[in-house]
């Protein structure tokens, strides 16, 4: 015989009804959340919103290092600054257990662009390495970088203008170079930088390496309007020409330069060009690390100093 409560109700039956009640509540909440999630997803799809894309311009001193995280988690690092400081920046934005980077791009073999990349290739497993095809640079860092590339075991591509890639839902158009000269020298190196245009929904971002006026004028007419320009050659007056800016009409310029650098980057004349066109400027030498975010509409840009 079942034990009786003070009101005469069996304890076993009371517990059974309580368990059934909890199951009904749990199932009701689950169904509600599922319906709400479906409705939200449907509304997002109807409004054309996408997942979030992030692009970091790291504060690594005098040089370039840009890190793209596509909405599906695909990662692309373009350039690595002058030294291994880029490793700390990557460690601040990547998960601690993440030891892979899908794409590493070397815009060209100047030390302030590839100096940190050998350390990246030693620390991370990289699937694809893109470059402009230059292999003849006779400098210590270029030799170290080319050796690290050879040891990585990644797919190595010499990318060329006209190529298009899907990087985790972000369309990447290669705008330059057309080809590498047989014997590149210091005067041709900047103008043979890899130039990438990122398109995500309505957001467009131009990553220029160190190209100068001649290449700017060659590629500008076919480029269309750009939301965000990574200023060429760290804000040098040999880049960021008036014609270029008037043709691509950026709303925001990102400048990667070291504080009190010996080159005088960014040059005052370039800052005046930006100001005359109401182009908002973000600078690593003054604001630290810069973060661009987009869900496919208007991008947002903010100074977000990383802890190290």
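Before moving on, here are some points about what is shown:
- Within the stretch 189-216, the set of residues being farther than 19 Å from residue 163 by Cα and without any contact (Cβ under 8 Å) to a residue 40 or more places away in the chain comprises 212, 213, 214.
- Scan of the stretch 57-78 for residues that are part of a loop (DSSP other than H, G, I, E, B), within 11 Å of the chain's Cα centre (by Cα) and crowded, with 24+ Cβ neighbours inside 10 Å, ordered by number: 58, 65
- Residue in the stretch 224-231 that is assigned to a helix (DSSP H, G or I) and touching a helix residue (DSSP H, G or I) at 6+ places or on another chain (Cβ under 6 Å) present: no
- Hey, residue 234 more than 15 Å from the chain's Cα centre (by Cα), touching a residue at least 60 places away in the same chain (Cβ under 8 Å) and crowded, with 23+ Cβ neighbours inside 10 Å or not: yes
- Strands (runs of 3 or more DSSP E) enclosed by the stretch 265-308 - at least 3 residues per element that are under 22 Å from the mean Cα position of the chain (by Cα) and closer than 13 Å to residue 234 by Cα: 280-283
- When residues of the stretch 202-220 are limited to those that are in contact with a strand residue (DSSP E or B) (Cβ under 9 Å, 6 or more places away or on another chain) and part of a loop (DSSP other than H, G, I, E, B), the one surrounded by the fewest Cβ atoms within 10 Å (Cβ to Cβ): 202
- Of the residues making up the stretch 232-259, those that are in contact with a helix residue (DSSP H, G or I) (Cβ under 8 Å, 6 or more places away or on another chain) and assigned to a loop (DSSP other than H, G, I, E, B) are 236, 237, 238, 239, 240, 241, 256, 257, 258, 259.
- Qualifying residues in the stretch 118-172 (those that are under 29 Å from residue 203 (Cα atoms) and exposed (fewer than 12 other Cβ atoms within 10 Å of the Cβ)) - the one nearest to the chain's Cα centre (by Cα): 166
- Conditions (1) within 19 Å of residue 177 (Cβ to Cβ); (2) touching a strand residue (DSSP E or B) at 6+ places or on another chain (Cβ under 8 Å); (3) surrounded by 19 or more Cβ atoms within 10 Å (Cβ to Cβ); number of the one not met by residue 223: (3)
Since every read-out is calculated from the coordinates, none of them should be taken as a lab result. Fair warning: this is a prediction, and the values are worked out from it, not measured in the lab. Here Cβ is always computed from backbone atoms with ideal geometry, including for glycine, and neighbour counts include all displayed protein chains.
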